[in-house]
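What follows is a single structure, written as structure tokens, with notes after it.
The values are calculated or read from the model by the stated rules, or taken from the named source; none is laboratory data. What you see is a predicted model, and the numbers here were worked out from it, not measured in a lab. Note that each Cβ is placed from the backbone with ideal geometry, even for glycine, and that neighbours are counted across all protein chains shown.
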Amino acid sequence: MPALVIQAVVQFFRDWFERFVAVQGIDRAMAIAAQSYSAFLPLVIVYSATLPRGENEDFADVIVNRFELQGAAAASVRQAFAPSGAVESGVTVLGVVLLLVSTLSFTRGLQRMYEGSFGLPTLGMRNTPRALTWLLIIGAVLALRPIVTEPFSGWLLTAVTLTMSTVLWLVTPYLLLGRRVRPVRLLPSAMLSAIGMAGIGIWSVIYMPHALSSSAAQYGVIGIGFAMLTWFVAVAAVLVVTTTGGATIADRWIKP
């Protein structure tokens with residue numbers, strides 16, 4: 001009996017690895033990271049600049065406080081990210097259009113990753129309305145998350161955060177796959193992604209302050225970009241791994 005269990009576990013991880021290779025997991029993670037870096041980061045900066053914040057915090061202040069940066073590292077972050085007033089005055093119609101196009105390119109990259117993981121034909125630009133809906137949901141989550149989690153602490157805060165993350169990563173593939181996969185089959189990927197993103201959060205607190213500080217000290221402002229790109233690569237890699245793992249679970253144990 002133990003031998004059968006071991007064989008089943010080994011076969012599962014073999015299927016998981018084969019699916020990861022089939023979707024070209026490493027290349028897919030690098031592509032998603034590059035697309036998110038060039039699209040999603042500027043979108044968050046603009047969104048954060050236009051969203052009212054307490055004590056007049058800029059996006060740079062959020063990063064500095066989040067990672068407890070000091071000295072040259074903090075100065076480089078503030079130099080790299082324009083203050084809210086500068087962002088608001090620099091926003092143009094053409095800039096918004098280009099930002100929207102690049103952001104939709106990022107959503108299509110995610111869409112192709114999900115389609116490859118679940119073995120579905122590509123929808124391409126036909127799924128743009130749902131991609132736009134997903135972007136609106138992301139904006140709502142960014143705005144509401146601090147309000148929802150503020151009353152909680154300790155394990156309750158962890159439970160609420162994981163629940164919200166699971167729901168978000170359940171809605172994401174459901175929309176980007178054009179509602180072609182039942183939510184119950186997407187649930188394993190959503191749960192694994194939520195756990196993976198929680199792990200990224202812990203890793204970020206440990207790694208990012210040192211990475212930002214050392215990169216800023218060596219390369220100045222451009223070093224901040226190097227460190228942020230590393231973070232995006234890590235997030236994309238975790239997302240590809242957890243999605244392919246969840247798809248493997250769905251194919252083995254959940255009916256279509």
Inset, instruction - Identify all residues within the stretch 181-203 that are assigned to a helix (DSSP H, G or I), in contact (Cβ under 8 Å) with a residue 24 or more places away in the chain and more than 18 Å from V241 (Cα to Cα); write none if there are none. - result: V184
Legend entry - Listing of helices (runs of 4 or more DSSP H) fully contained in the stretch 1-117 that carry 3 or more residues being of a type outside the set (S, T, Y) and modelled with pLDDT of 85 or more: 2-22, 25-35, 93-117
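Name the residues in the stretch 149-195 that are in contact with a Gly (Cβ under 6 Å, 6 or more places away or on another chain) and either small (G, A, S) or closer than 20 Å to I138 by Cα (or both), would you?
The answer is S189, L192.
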Inset, instruction - Name, by its number, the condition in (1) surrounded by 14 or more Cβ atoms within 10 Å (Cβ to Cβ); (2) touching a residue at least 24 places away in the same chain (Cβ under 8 Å) that does not hold for V160. - result: (2)
Inset, instruction - Among what's in the stretch 145-180 and is among the polar types (S, T, N, Q) and assigned to a helix (DSSP H, G or I), pick the residue that is nearest to G119 (Cα to Cα). - result: T172
Inset, instruction - Could you tell me whether the stretch 150-166 includes any residue that is of a type in the set (F, W, Y) and under 25 Å from G246 (Cβ atoms)? - result: yes
Inset, instruction - Could you check, for the stretch 221-239, whether at least one of its residues is among the hydrophobic types (A, V, I, L, M, F, W, C), touching a residue at least 12 places away in the same chain (Cβ under 8 Å) and surrounded by fewer than 14 Cβ atoms within 10 Å (Cβ to Cβ)? - result: no
